[in-house]
Structure formats: structure tokens, C-alpha cells
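Everything on this sheet refers to the single structure shown next.
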Amino acid sequence: MEKYDVIVVGGGPGGSVAAMTAAGLGLKTIVLERGTRPGEKNVSGTGLSPKCYRDFEFMKEMKLPHERVATMATLHLSDDEAVERMSFSFTPSERAAYPEAREFLTVNVYRSELDPRLFGLAADAGAETRTSTRIVGVVKAEGGRITGVRTDTGETITGDIIIGADGVISTVARTAGIRQKWDPSEVAMIINIDFGAARADIDEAIGGNALHYWYSSVFPVGYSFFSAEGFHVGLGNYVTWWKKSPHYYLNRMFEIEGVQRQIRQCKGVAREFQNHMVTFLTNPTTTYGDSVLLVGDAAGFACPFEAEGVYYAMYSGMLAGKVAAEALSSGDVSRGFLSRYERAWRDSPVGEEFVGGEAIDGFVRGIGFNPEAGRWVIPMLNDAAFGLLNVAESHTASARNLPRLLLPYVPELARELKEDLLPLSARMVERPRRSARPGLVRLMRKALPRILPPLARFAARRPRSPYGEVVGPLLAEHFLTPYAEERINTLEEVERG
Amino acid sequence: MKTEEFAGLVHKVVPSRDFMSVDAGECTGCADCVIVCPVFLWKVREGRAVLAADYRERCLECGACWQVCSSGAIRFDFPDSGTGIVVRYG
Ligand SMILES: Cc1cc2nc3c(=O)[nH]c(=O)nc-3n(C[C@H](O)[C@H](O)[C@H](O)COP(=O)(O)OP(=O)(O)OC[C@H]3O[C@@H](n4cnc5c(N)ncnc54)[C@H](O)[C@@H]3O)c2cc1C
Ligand code: SF4
Ligand code: SF4
């Protein structure tokens, strides 16, 4: 019987890049996809990040028929009544770190075009490719050693290393005993409606402003992403989050005039209804086992902030292909040897994405995926913009009014800053493994005790002013105590002293 | 326009064999599957989850019901090779 060095299960971006890499390194490789054509089981919001083009030579030459380059993204904020209150856009920075990042935000594509291309590149690199082949599990020899995989027609395919690139519902991970299904708190589902439209109409209505995020206090964060001749409108949240049918929330999103206007102006016609899960992990811990490497969604590598996963699947696929080659040349496919896969991905952009894992998770659960938070975040941002820019009164009067507009939001903002945003920025800026105590936190601990007590004292001296009533106690509650315990304990002490 | 109206916009090669089922003995009737399924294939009757008879024609193979079921009552496999959902614009 034919024996492979590497069997890749799943012909998505992770599997194809893994197969391409393994075959390119001279390994006898086969990649197996359950669909009749790669991509036909897969759904994305459609955005490929500049990282894909920075790190993969083959992406630089890839031009897909229906891609649209997004050079601008817009965030729309709507209130309880699904009325849009505010929006703002951004474009790539001229000082971004590398050329692609200076040129575009994403390239929006369809998986039915991307996946077959990547699959074809794996074949070009020398991998054997098979579609319409569903794997029901790994095959174990007596003693438990994994020797291959079995298809749903009962065929056994034998190989030394199995790369599980079979997505969020990974059969390989489960049958190899690496994990059972994800904890429900770690998985989100995203529902999408795909609309078709004429290229000229999207060019006219949208152009390069092709990534729209919709945040509100009535539905979880949603999006409308535009490719050349179509667009996706959808939203998602953790599988355990929904209190009503996802359609209830999607309908609320569709009530927004701005969403309807986009569909109208593009003359969009609904073509397809889609739903797919994606992981939201703080820290992937089940990524390999004896004879098995997991890549992409099977490993839980989608970014926990925006669900970007194609790049992480491709990158981890490349690393898995390389580690497989090392393992085979040293004749050791044990868990022990394959642990260098985890070292490799932790040391790569994949691992970097999870450095702030828990803090990102806090932010996503606290604000991003939490419409409740929209009740104060959205009016606050709007009132700040209004307070600064309105012409309802003289600018002097507006400036005087600003605190009155914004003070009601201070308690929530202070809580959010303390619980999520400050830890988040501290974790992201620092590399915790290299310094015992993150420097930003250290800096804050040094600076805040100096800045805050005078502020608190100032506030305390004006008990009847809004500052004294609101800001003073808040500073004391949230910042003074934790950061300057030894110097000033409570606001009362400030007042007494 | 209601988004539910689009739930039937699905392309399929209808699988000839079952790929999902529910174990009534394990099911607690919590209805989590009913809530998440975006194409309305689950109902709770007499305290137990029931899967729509024509689910093979409408299921998106998303696995959300299986994932959310905390009592492990739902068995979910992908349909046979080369059958099931065909996402054209994913
Ligand atoms: C709605 C949505 C929007 C998203 N938007 C974006 C985005 O805009 N940008 C982005 O970068 N990422 C996005 N993501 C995440 C991204 O889609 C995934 O992270 C990415 O597809 C992971 O790639 P993969 O190769 O690991 O797995 P997949 O793309 O899931 O591929 C797995 C493959 O394995 C096959 N397979 C599964 N089981 C078996 C089996 N038993 N036997 C044989 N074959 C099998 C499947 O058919 C599939 O082709 C989004 C995700 C969702 C759900
Ligand atoms: S989620 Fe599981 S336990 Fe709850 S009703 Fe559905 S099948 Fe039964
Ligand atoms: S797999 Fe998805 S579409 Fe199918 S029944 Fe379960 S939730 Fe519904």
C-alpha cells in the first residue's frame, strides 16, 4: 500500500499551504478535501489582510476575478432605535510598517475563488490532491500509534504525519484525542447574507470604502464587506450568547437606514444565506499530539479580536509543513518532538496575536460583542464629537458645556478603562515573556500616583462642581487606591489633609 | 424585508444518508439548539428536541447546534463525501 510522509486533512487555506510547504520540501504529501471543490464548504467575511501578501510570495501574483481592494474602512454607530448616530473612517497610514500595509486595508475575495487557487498551488508544488474525500477519523495501530486516516467509504490512507487542517469542527483533533469539541465559550457563529450586484454599481456607491462595521446597542457588531460584484452583510457572537434567534439581531441591523441604503444603491440582490463558526480563544493550547499537527481553525488560531483567520491558517500551515519535514528527517514523530511546532507558532505572528489574549477577550466580551455597552459608548463618542464640533452655540460656550455632556459617561468609562482597556494596552505593548513586569504598567504605576493625587485634591476642593462630585470619587475609587495606596488611601484623607 | 426570508437561499447536493441525530435520553429540552439554528431546523416538543424531517435539504452544516448543546445530545457528522452544502459565494 502507498504510504505518505504527510497527510493533510482539509483543503482550506491552512491545508493547502501546509501541503504546498511539505511537498516543496520533498515530502510525499496528499491533501484531502470533503467538498467536490475546495471552498464550497467555507465562509469568510472575505477580507485578506496585507500580512498575507507580505509573507507569501505566491499571494503577490494572485489576482482573483472578484476581488476588491479595500482602501478605507468605516465604523458606523447606531443607537437603541437602530438610528445611525455617528460614523468615522480610516485609511492606511503612510508610516505603516511595510508597503502592502501602506497601500490597502484588505483585499476582499470569495473563498470559492481563493481556496481552489491555493489547492492548485499545492498540486503544483507536488502534493497529491483529492476532493470529495471526507475523513471520518485517524487510524491507530495496536498500541495507539496513529498510522493514517480513514475515509467515509472505508478506505485507509497511510502516512507518518497527519496535519489536521479541517477547520473549527476538527475531526482529526477529536479522533486523535487531542481535544473534544471546543468549550462553547470559545466559539462564535457568524451569519451572513451574500448579495450580488453589478461591479459598476458597487464602484459608484462604495468604491474602495469596502469594509463597513456596524456597532449598536441592539445587535452584536456586524459588517458589510464588499467584493467586486457582491457583498456580505452579517453579524456574529459567541454560540452561547444568543437570547433570541440570530435573525432577530440581523433584522435589527437591517433596520438601519445606512445598511438599507447600501443595498439599494448597489442594487444588491440576495444570493445566498450562510452561517459558519469560528474560534475565539484567549490562548490556543491544543495544537499537536503524537503524529499530529493542527493548523488554522482546527488549532483555534483565528484572531480573537476580529475573527481574521485566513492568514493565521496559512502561516501555521507553513510552520506545520516545516516541522513535519524536520520530524521525518530525524525519524521522530512523537509528541515530544512535535512540541517544536508550538514553539515555532508561539514565536511567530500567530503567537503574537495571542499575547494580549485575555485582555482582548475582556474587551471583546465587554464592548465589541456586547450591545449593552453600546448604550453608553455610542452616545459618549457622539456627545464628545458634538461637544467639540457643534455650532449650536459659540465655541466658548460649547467648550464650557463639554464636561456637562460627558460627565455622565465617566463611571462606565473609568470601569472599562480599568478592567479592560488599560490591561489590554499594557499586554499588547509589552512582551510579557521578556520582562517580568510589563513596562507600561510599571510606567503607569510610577506616573499615576504623581498625576492623580493633585487632580483628586483639586477635585475635592470643589465639592459642588461636577468635577468634585463625579470625578473626584471616581479617581479615588478606580485609580488612587490601587496605584498610590501607601501615599493616599482614600479621598476622605485627601479632603482631611 | 425580513432576513428569515433568505434562510432558504442555500445550494445543496442533498445527502442521501442521515448525518445528524438527537439522543432523546440525553436531551434536557433546554432549547439552545432551537435558538442558534439560523435555518430553524430544531423544535422542542414535550420537553425534547426534535430535528426537522427535511433537515438534509436545509442544514448549513455549521455545527452550531452541536457545539452549543451542553448535554451532548446531538450527534453531528459531515454528510458523505461530495454531498451537502455548496457555498457559492462564501
Ligand atoms: C463568517 C466568517 C467571516 C470571517 N471573515 C474572515 C475574514 O474576513 N478574513 C479572514 O482572514 N478570516 C475570516 N474568518 C475566519 C476564516 O474563515 C477562518 O479562520 C479560515 O477559513 C481558517 O482556515 P482553515 O484552513 O484553518 O479552515 P477552513 O477554511 O475551515 O478549511 C477547512 C477545510 O477542511 C475541510 N474539511 C473539514 N472536515 C473535513 C473532513 N473530515 N474531511 C475532509 N475535509 C474536511 C472543509 O471542507 C474545509 O475546506 C471568518 C470566519 C467566519 C466564520
Ligand atoms: S441543545 Fe441539546 S439538550 Fe438542549 S434542547 Fe437541544 S438537543 Fe436538547
Ligand atoms: S448544523 Fe447548523 S444549520 Fe444544521 S441543524 Fe445545526 S445549527 Fe442548524
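Just so it is clear, none of the values below were taken in a lab; they were calculated from the coordinates. In this text the structure is predicted, and so the values were computed from the model without any measurement. Glycine also receives a Cβ, built like all others from the backbone with ideal geometry; neighbour counts cover every protein chain displayed.
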Applying the selection to segment B:52-76, what residues are within 11 Å of ligand 2 (Cβ to nearest atom) and either crowded, with 19+ Cβ neighbours inside 10 Å or of a type in the set (S, T, N, Q) (or both)?
-> B:64, B:65, B:66, B:67, B:68, B:69, B:70, B:71, B:73, B:74, B:76
May I ask you to verify whether residue B:61 is charged (D, E, K, R) and either within 16 Å of ligand 1 (Cβ to nearest atom) or out of contact with any Gly (no Cβ under 9 Å at 6 or more places or on another chain) (or both)?
-> yes
So residue A:292 clears everything in (1) within 16 Å of ligand 2 (Cβ to nearest atom); (2) over 22 Å from residue A:369 (Cα atoms); (3) of a type in the set (A, V, I, L, M) except one condition, right? Which one?
-> (1)
Please work out which residue is nearest to ligand 1 (Cβ to nearest atom), limiting yourself to segment B:42-51 and to residues that are surrounded by fewer than 20 Cβ atoms within 10 Å (Cβ to Cβ) and of a type outside the set (Gly, Ala, Ser).
-> B:51
Select from segment A:130-161 the residues that are of a type in the set (Gly, Ala, Ser) and exposed (fewer than 13 other Cβ atoms within 10 Å of the Cβ) and write down the one among them that is nearest to the other protein chains (Cβ to nearest Cβ).
-> A:154
Working only within segment A:35-63, note down all residues that are within 17 Å of residue A:17 (Cβ to Cβ) and within 14 Å of chain B (Cβ to nearest Cβ).
-> A:38, A:39, A:42, A:44, A:48
Only one residue in A:325, A:320 is surrounded by fewer than 22 Cβ atoms within 10 Å (Cβ to Cβ) and either away from chain B (no Cβ under 14 Å) or within 18 Å of residue A:14 (Cβ to Cβ) (or both), so which one is that?
-> A:325
Among the residues of segment B:15-36, which ones are more than 9 Å from ligand 2 (Cβ to nearest atom) and loosely packed, with under 14 Cβ neighbours inside 10 Å?
-> B:16, B:17, B:18, B:21, B:25
Of the residues in segment A:67-107, those that are under 19 Å from the mean Cα position of the chain (by Cα) and aromatic (Phe, Trp, Tyr) number 2
Members of segment B:71-90 that are at the interface with another protein chain (Cβ under 7 Å from one of its Cβ atoms) and in contact with an Asp or Glu (Cβ under 9 Å, 6 or more places away or on another chain) | B:78, B:80, B:81, B:85, B:86, B:87, B:88, B:89, B:90
Which members of segment A:228-279 meet the condition of being farther than 30 Å from residue B:70 by Cα and polar (S, T, N, Q)?
-> A:260, A:262, A:265
Please work out if residue A:315 is farther than 15 Å from residue A:8 by Cβ and touching a Cys at 6+ places or on another chain (Cβ under 7 Å).
-> no
Residue pairs meeting the criteria (Cβ under 6 Å; at least 6 apart or on separate chains; first among the small types (Gly, Ala, Ser), in segment A:23-34; second outside any strand (DSSP E or B)) | A:23/A:125; A:23/A:126; A:23/A:127; A:24/A:125
Residue among A:201, A:183, A:166 that alone is among the acidic types (Asp, Glu) and without any contact (Cβ under 8 Å) to a residue 24 or more places away in the chain | A:183
So which of B:86, B:22 is more than 11 Å from ligand 3 (Cβ to nearest atom) and among the β-branched types (Val, Ile, Thr)?
-> B:86
Got a number for residues in segment B:41-70 being at the interface with another protein chain (Cβ under 8 Å from one of its Cβ atoms) and farther than 29 Å from residue A:116 by Cα?
-> 2
Selection over segment B:12-26 where residues are assigned to a loop (DSSP other than H, G, I, E, B) and either at the interface with another protein chain (Cβ under 7 Å from one of its Cβ atoms) or polar (S, T, N, Q) (or both) yields a count of 1
Report yes if some residue within segment A:210-220 is closer than 18 Å to residue A:72 by Cα and out of contact with any Phe, Trp or Tyr (no Cβ under 9 Å at 6 or more places or on another chain); otherwise report no.
-> yes
Residue match in segment A:279-287 (condition: within 12 Å of the chain's Cα centre (by Cα) and either more than 15 Å from ligand 1 (Cβ to nearest atom) or outside any loop (DSSP other than H, G, I, E, B) (or both)) = yes
